[in-house]
DNA sequence: ATGGTAGTTCCACTA
């Protein structure tokens, strides 16, 4: 079984790339973030003709999430028990969608960005992560994947230059501690063992030619419960999708897809 | 501290 996660930065503007990605990598499940589309705007016909079902959430804001699967899409749930509200409930629900695909429960997550360490959104981000952690404790005993844009870099090796993040989110001790709670509880980073340091970057700012200089960050993470971690046979980042054959990434998302292979 | 680019609900906001 092959699972990927990708912050697509608008599903409508990149539907052709999504369909090509599914076919190029023979994906069974694709987790998407920043879909930026209402339910009635989702371009589904091409996906369905390729044999995929789609579950989506977050239709009325920037950070919608979706699951695309050709191995079943059952028991879809939007959000998790205890997920904190931010504004109205529709907004809060936009950040997590879960479904059972084959024999695995998958979650597509868009962790709040946090904006600035002194912004209320930063407090919301930490609270959101804590509540996800608490809800996820109940899922540890079943085959479960927590994949998506976590909007945090777990270690200094996961950013191109830590001195450039002195007053930034994504690298603060509190965010990293919130993430480490998952590891301490028994979740496993399915990708890091296979792609080290700067080779594991998944996000590069569009400007200042960050991709061309590999000045990126590893913030798109895939965690697995023990039953899933035992099945990983490989993992990689699809930089071709981010950079393109011309090396400039024309028409690309600012994130690259992350792919994980699991033994059947 | 600012600004750069790309996306959207498109001259304002989010990432």
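The values are calculated or read from the model by the stated rules, or taken from the named source; none is laboratory data. Here the structure is a predicted model, which means the values were calculated and not measured. Glycine also receives a Cβ, built like all others from the backbone with ideal geometry; neighbour counts cover every protein chain displayed.
Tabulated data for the structure shown
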quantity	calculated
Checklist (1) away from DNA strand B (no atom under 12 Å from the Cβ); (2) buried (at least 17 other Cβ atoms within 10 Å of the Cβ) applied to residue A:174, failing item	(2)
Those strands (runs of 3 or more DSSP E) lying entirely in the stretch A:170-264 with at least 1 residues over 19 Å from residue A:132 (Cβ atoms) and touching a residue at least 12 places away in the same chain (Cβ under 8 Å)	A:232-237, A:258-262
Count of the stretch A:135-169 residues which are in contact (Cβ under 8 Å) with a residue 60 or more places away in the chain and within 16 Å of DNA strand B (Cβ to nearest atom)	6
Checking residue A:213 against (1) more than 12 Å from DNA strand B (Cβ to nearest atom); (2) over 17 Å from residue A:190 (Cβ atoms); (3) within 18 Å of the chain's Cα centre (by Cα), the condition it does not meet	(3)
Complete set of residues in the stretch A:1-56 that are over 20 Å from residue A:79 (Cβ atoms), near DNA strand B (Cβ under 10 Å from one of its atoms), assigned to a loop (DSSP other than H, G, I, E, B) and over 17 Å from the mean Cα position of the chain (by Cα)	A:12, A:13
Exclusive hit being at pLDDT below 95, surrounded by 13 or more Cβ atoms within 10 Å (Cβ to Cβ) and away from DNA strand B (no atom under 16 Å from the Cβ), set A:240, A:192	A:240
Total residues in the stretch A:94-123, condition under 24 Å from residue A:77 (Cβ atoms), buried (at least 20 other Cβ atoms within 10 Å of the Cβ) and within 14 Å of DNA strand B (Cβ to nearest atom)	6
